[in-house]
1. Within segment 69-82, count every residue that is assigned to a strand (DSSP E or B) and under 16 Å from residue 101 (Cα atoms).
2. From the list 134, 67, pick out the single residue that is surrounded by 13 or more Cβ atoms within 10 Å (Cβ to Cβ) and at pLDDT below 95.
3. Give segment 216-225 a look and list any residue that's crowded, with 22+ Cβ neighbours inside 10 Å and assigned to a strand (DSSP E or B), or say none.
4. Return only the number of the condition from (1) at pLDDT 95 or above; (2) within 22 Å of the chain's Cα centre (by Cα); (3) under 22 Å from residue 77 (Cα atoms) that residue 159 does not satisfy.
5. Exactly one condition in (1) in a loop (DSSP other than H, G, I, E, B); (2) buried (at least 24 other Cβ atoms within 10 Å of the Cβ) is false for residue 237; which is it?
6. Given the conditions (1) surrounded by fewer than 16 Cβ atoms within 10 Å (Cβ to Cβ); (2) outside any loop (DSSP other than H, G, I, E, B); (3) touching a residue at least 24 places away in the same chain (Cβ under 8 Å), report the number of the one that residue 284 does not fulfil.
7. Residue by residue through segment 70-88, note down the ones that are farther than 25 Å from residue 274 by Cβ and either assigned by TED's automatic domain parsing to the domain that holds residue 176 or surrounded by 19 or more Cβ atoms within 10 Å (Cβ to Cβ) (or both).
8. Filter segment 105-131 down to the residues that are part of a strand (DSSP E or B) and surrounded by 12 or more Cβ atoms within 10 Å (Cβ to Cβ), then identify the one that is modelled with the highest pLDDT.
């Protein structure tokens, strides 16, 4: 007697399941990538956010934009190659959608650097630690609005002298991988913003700081960038800067063997290959 009711219940459940699957749409651009590269996540759902993306040990909030939620994930140069599952989570931690991604090995150089590195006094170390905290705070900046409207560009038009991901040995000891891109630029050359953004740090650091004079930009949607070893800083914190405007001048401040620019690109605080990011944004 209850068979028609059971049948109708099953049909309704099947219909709701298919409706739910259509209502939640996940699009991942760059699902096959190499160490140090980036991917984009776009997610649409009938329910309201917030939503988070979780993959390869990282969890980041997605930003609401253009009737969807989106964000970027950057993988470090030492990310273990292999398959990973990218998940979209609601605020309770429930998985709403998932997709497989594949990380392939990158091709990185090895560099040996000789540089005087005298030990710091406790007072000097305290100064450096405070300055590092300022850097960490700037790197953690997360404007929910996209401030950049076009593809990123290189900040200076000069030869790349050190690529992202290079395995570095300082005075014979492994010092980690190079977290940015170095350009061999002449002293005093203007460094230009690669995209629209907001200045979150503009600082003349102490002579003990390895980074030297530094500018940090927040481009929105979790994208930040840093410019170090400057001779002069031309911007102020809170200032909006347009693509192509000068933010500082090339220098050799901090731990530097000569005039050059170190440019770092971060996605939700994780350094990633800025040159790959330029190509990536040209396709967005």
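The values are calculated or read from the model by the stated rules, or taken from the named source; none is laboratory data. Being a predicted model, the structure only gives us computed values, none of them experimental. Neighbour counts are summed over all protein chains in view; Cβ atoms, including those assigned to glycine, are modelled from backbone coordinates with ideal geometry.
1. 5
2. 134
3. Hits for segment 216-225 are 216, 217, 218, 219, 223, 224, 225.
4. Among (1) at pLDDT 95 or above; (2) within 22 Å of the chain's Cα centre (by Cα); (3) under 22 Å from residue 77 (Cα atoms), the lone unmet condition for residue 159 is (2).
5. (2)
6. (2)
7. 88
8. The qualifying residue modelled with the highest pLDDT is 111.
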